[in-house]
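Below you'll find the structure, written out as structure tokens, and then a few comments.
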Amino acid sequence: MNWLTNFVKPKLTALVKRKEVPRNLWNNCPSCGNMLHHKELKENIRICSNCEYHFRMSAEDRIKLIFDEGNYKEIELDTISDDPINFNDKKKYKDRLKEYRKKTSRKDAYILIHGSIEDKEIICGFMNFEFMGGSMGRAVGGSIIKGAKIAVEKKLPYIIFTSSGGARMQEGIISLMQMPRTIAGIDLLNQNNIPYIVVLTEPTTGGVTASFAMLGDITIAERGATIGFAGKRVIQDTIREELPIDFQKAEYLKEHGMVDIVCHRKQLKNTLYKVLRHISF
């Protein structure tokens, strides 16, 4: 009995024991419910193969989607002091920043690029939702303005890809100040006749929507993107009315004149190139 228990049973258990399955191998489409393997989803640039639902996409993956390898370089962002108001909730703001910097290998929620789409040279900014929900604080506001100044200096179109939950609450009133600051930065482009194109992606909300995101000379929205200021439920509770199912979606905004183009992700690079080609500059 001891021989069976101590030797045979452990051997049999080891043979039939399942290997541990890595997490996040499968993704459930929130639109159609289809199960998608992560490799399949990645190969299809995070679009559901069944219903064409556009999953959120990282800033790094967007850069690879828009620019060919070797056709761009990243612009170093300015370093600013952290935690201007010594904010604490369940965790110190400085500790949160350290955590997200380690997780994303980024200083903050904005990536600035100097590159070319085909033969069209541009300055391009990408909001990084993986860094504190793409929230806008001093660093992001300053980086957007830096991009505008470089675009003016080099006389190049400025394109911004938005993906944000809005102003960064950990910076209090200073984060709200970034709204007029970024508006002033965009106005600098207008004063110098520099084209400004915005690409609204899932999600674009809060103070970002209420400032630079809706000021584009041409506004493109990715298919199905959520775009708005306050949340749908907050608005419904305030006005006590049922809102349309597609309220705050890219297609709804285009119907109501807030967006110029709604674009499928696979057509986005080509659409941007066509827009750039037709800009008289």
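Just so it is clear, none of the values below were taken in a lab; they were calculated from the coordinates. Just so you know, these numbers come straight off a predicted model, no measurement behind them. In this analysis, Cβ positions are derived from the backbone assuming ideal geometry, glycine residues included, and neighbour counts consider all displayed protein chains.
Side notes on the structure shown:
- Whole-number percent relative contact order across region 56-278, with pairs defined as alpha carbons under 8 Å at least 6 apart: 16 percent
- Extension gain for Asn193-Ser81 works out to 37.0 nm (0.36 nm per residue, less the C-alpha to C-alpha distance).
- Protection proxy ranking of 217-228, 113-124 - average other beta-carbon atoms within 10 Å, highest first: 217-228, 113-124
- Restraint check, Lys73/Lys149; Lys94/Lys146; Lys120/Lys146; Lys107/Lys249, Cα-Cα greater than 27 Å: Lys107/Lys249
- The calculated pair-distance distribution of the chain uses every alpha carbon pair, bins of 5 angstrom beginning at 0, and gives 1, 5, 11, 14, 16, 15, 12, 9, 5, 2, 2, 2, 2, 2, 1, 0, 0, 0 percent.
- Region 120-190 and region 31-106 have Cα centres lying 16 Å from one another.
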